[in-house]
Amino acid sequence: MSLPSPNFGERRGGARPELIVIHYTAMADAVCARDRLCDPQAEVSAHWLVAEDGGTEQLVDEAARAWHAGAGAWRGQGDVNSRSIGIELANPGDQPFPEPQMAALEALLGAIMARWGIPPEGVIGHSDMAPERKIDPGPRFDWRRLARQGLAVWPGQGPRIAPDPAAFAALAAAVGYPDAPFDALLAAFRSRFRPRASGPLDAIDMAQIADLAARFGDDGDQWRAC
């Protein structure tokens, strides 16, 4: 099958998709984004592009390594491009995500997850894996909507825990977040799970990250008493 973007290579080290990374294009519209993602001089791409009206186009074969994630890590492993499928949502970065686009994304996510056996905790944002560099898909993106359909995760509201930046960072690492300055880590977490929150780390942040670590983290058993 011939697909329009030439910007891809082979997945390294025998890796296969175990993550889906959601982005926004930060461009005026889907046409501009498609042009860039298919421009060999740009050296960027994604497997899928979802337009504002819900139109969905595959740009790179899912078995290939698209160039969408860049520097970053998740669950202690870098080269996220080799371990992921990238989805670009046409959005300049400061607009709501339209209903047709979200509905198309939901259908696409469900199909990709089924094809590759990717669980909800494998669906992440660009800002999750690169909190120092990236902010997409941003606070306007409705992660909770995806979680209600089993297409992403959402924290429960467990017992409040006294704010402790070191403990928060350890819990975030158990969930999968990379090593990053605390402010960047907290901003990335809140952008996804508490987009209206501001100010210093608080007990709600701690309760939510502890719940995610207990249910989905590499060291979840360590935190079940939190």
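Within segment 154-174, track down each residue that is open to solvent by 20 Å² or more (accessible area, probe 1.4 Å), among the hydrophobic types (A, V, I, L, M, F, W, C) and either within 23 Å of R140 (Cα to Cα) or assigned to a helix (DSSP H, G or I) (or both).
W154, A166, A167, A169, A170, A173
Take Q77 and decide whether it is closer than 29 Å to L171 by Cα and either modelled with pLDDT of 95 or more or in contact with a helix residue (DSSP H, G or I) (Cβ under 9 Å, 6 or more places away or on another chain) (or both).
So Q77 fits the description; yes.
Can you tell me which residue in segment 37-47 is surrounded by the most Cβ atoms within 10 Å (Cβ to Cβ), limited to those that are in contact with a helix residue (DSSP H, G or I) (Cβ under 8 Å, 6 or more places away or on another chain) and among the aliphatic types (A, V, I, L, M)?
So, considering only residues that are in contact with a helix residue (DSSP H, G or I) (Cβ under 8 Å, 6 or more places away or on another chain) and among the aliphatic types (A, V, I, L, M), the one surrounded by the most Cβ atoms within 10 Å (Cβ to Cβ) is A46.
So if I check each of D53, D79, D94, D29, which one is under 26 Å from G9 (Cβ atoms) and among the acidic types (D, E)?
Matching residue, one of D53, D79, D94, D29: D79.
For segment 188-205, does any single residue satisfy the condition of being modelled with pLDDT under 95, farther than 21 Å from Q77 by Cβ and out of contact with any strand residue (DSSP E or B) (no Cβ under 9 Å at 6 or more places or on another chain)?
no
Considering only residues of segment 48-92 that are at positive phi and among the small types (G, A, S), which is most open to solvent (accessible area, probe 1.4 Å)?
My answer is G76.
Taking segment 98-132 on its own, how many of its residues are assigned to a helix (DSSP H, G or I), charged (D, E, K, R) and open to solvent by 40 Å² or more (accessible area, probe 1.4 Å)?
Number of matching residues: 3.
Here are the criteria: (1) more than 17 Å from S127 (Cα to Cα); (2) open to solvent by 30 Å² or more (accessible area, probe 1.4 Å); (3) modelled with pLDDT of 95 or more. Tell me which single one D183 does not satisfy.
Checking D183 against (1) more than 17 Å from S127 (Cα to Cα); (2) open to solvent by 30 Å² or more (accessible area, probe 1.4 Å); (3) modelled with pLDDT of 95 or more, the one that fails is (1).
Pull up segment 186-202, narrow it to residues that are farther than 23 Å from P96 by Cα and touching a Pro at 6+ places or on another chain (Cβ under 6 Å), then point me to the one that is most open to solvent (accessible area, probe 1.4 Å).
Looking at residues that are farther than 23 Å from P96 by Cα and touching a Pro at 6+ places or on another chain (Cβ under 6 Å), I get D202.
Looking only at segment 149-180, count every residue that is of a type in the set (V, I, T) and either at pLDDT below 95 or over 25 Å from I20 (Cα atoms) (or both) and tell me the total.
So the answer is 1.
The values are calculated or read from the model by the stated rules, or taken from the named source; none is laboratory data. On a predicted model such as this, the values are computed, not experimentally measured, just so you know. Glycine also receives a Cβ, built like all others from the backbone with ideal geometry; neighbour counts cover every protein chain displayed. Accessible surface is based on the protein model in full, side chains and every heavy atom, while ligands, DNA and RNA are left aside. Shrake-Rupley method; radii C 1.70, N 1.55, O 1.52, S 1.80 Å.
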